[in-house]
Amino acid sequence: MSFLVDSVIMFTSQVLFFGFGWLFFMRQLFKDYEIRQYVVQVVFSITFAFSCTMFELIIFEILGAMSSTSRYFHWKLNLYVILLVLIFVVPFYIGYFVVSNIRLLQRQKLLFACMVWFTFMYFFWKLGDPFPILSPKHGILSIEQLISRVGVIGVTLMALLSGFGAVNCPYTYMSYFLRNVTDSDILALERRLLQTMDMIVSKKKRIAMTRRQMYQRGEDQNKQTGFWGMIKSVTSTPPGSENLSLIQQEVDALEELSRQLFLETVDLQSTKERIEYSTTFKGKYFNFLGYFFSIYCVWKIFMATINIVFDRVGKTDPVTRGIEITVNWLGIQFDVKFWSQHISFILVGIIIVTSIRGLLITLTKFFYAISSSKSSNVIVLVLAQIMGMYFVSSVLLMRMSMPLEYRSIVTEVLGELQFNFYHRWFDVIFLVSALSSILFLYLAHKQAPEKQMSL
């Protein structure tokens, strides 16, 4: 009876997660597009539902909700379903919709979609060869073979996003990095934009008038007959005839300049709005968060460097370790095990909520940036693939943030993976991503003022 009740709870939560994924698909991703393939929506919602269910099971593990046998069963069921979707279903439909957009291959769409899937499986399997991610005793068809390869891709994506986010967040929030923009700067740029638009209109009028004269000249030549009419048409050049190609090149250059001026005007307007926003209470709060995250970014880069140089991986979760250091330093009586459980629950909950929210925001921005009516289905499936691998890898890395007694079932479900490798790999990619982001933002911030203030 207990197992039945637990299964009803899990199924109900999965239905709710599925509905939220469906609404997010309709209201955010596809609100500007006509939905032609409901299978894409179903696959995306299923991936989102089972990804969130893994986080739900982590919280249930810390709270002790449901029986241990029920949690273990649903862990296994959830992992098998999410791996089935990520490795078999999503790649096949990506290949199918890619082939559907190619006219020459539409007669044999199913055959070519299978070929794309086999190509994906070949490279997916070869991905695990260079990395020490498995124990030698695992068979070729074991679940560890699949999780380990999904983990490599997902951890790489997580580290890239975390490295960029750790640098971009303080850069975005802190008012220190804002350029000093005044109304006169914006007016000067808008004035130059209007002058450029006037020049474009003037030159296009010249092109239209020249073409009209050439058209009238052609009609006059058709009316003239005989030998002298032919000679006159060859030797004479009517007034107003100009080199249209040269004028058109000038128009193209001016149109490109107008686009750049328009984008720079919008950028200055948004910067001025950010300056005004930074003076409000909420802006000052985010400015404080920017300084906090900048300290966190420096500390994270420092710790990642230490972990890489000394090949170090933490054995104790950060909450328990922090409480033990505080208790020993203050010399007070404190139930470390009790409070570490509750604080770990809060910390893991915050990590889960921020991870889901941050990933959905990133996916939405990425989708709007590159999607079109033809490629939207393929892009949504690719985002579903990234989302599923990201969340599976989050469970791999979040295991270290859990107290030791709660790691056992996660370790048992995921199998005997080389967990230390994933943490070291995350540190390496995070460090590369963070340093690259610092260099990129430094160059962008340094060049922007000279380029815009010189206009």
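The values are calculated or read from the model by the stated rules, or taken from the named source; none is laboratory data. Bear in mind that the values here come from a model prediction, so they are computed numbers and not experimental data. All Cβ positions, glycine included, derive from the backbone under ideal geometry; neighbour counts span all protein chains shown. Quick note on the areas: whole protein, heavy atoms, side chains included, nothing else; ligands and nucleic acids left out. Shrake-Rupley method; radii C 1.70, N 1.55, O 1.52, S 1.80 Å.
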Around LYS272 (Cβ within 9 Å, Cβ-to-Cβ, excluding LYS272; K/R +1, D/E -1) the net charge comes to -3
Quick one: accessible surface of TRP299, probe radius 1.4 Å, all protein chains present, in square angstrom to the nearest 10. 140
List ARG192, ARG259, ARG399, ordered by accessible area with a 1.4 Å probe, largest first: ARG259, ARG192, ARG399
Using only the heavy atoms of the protein chains and a 1.4 Å probe, how would CYS114, CYS297 rank by accessible area, largest first? CYS114, CYS297
Starting from the residue with the highest accessible area, list LEU79, LEU187 in decreasing order, probe 1.4 Å. LEU187, LEU79
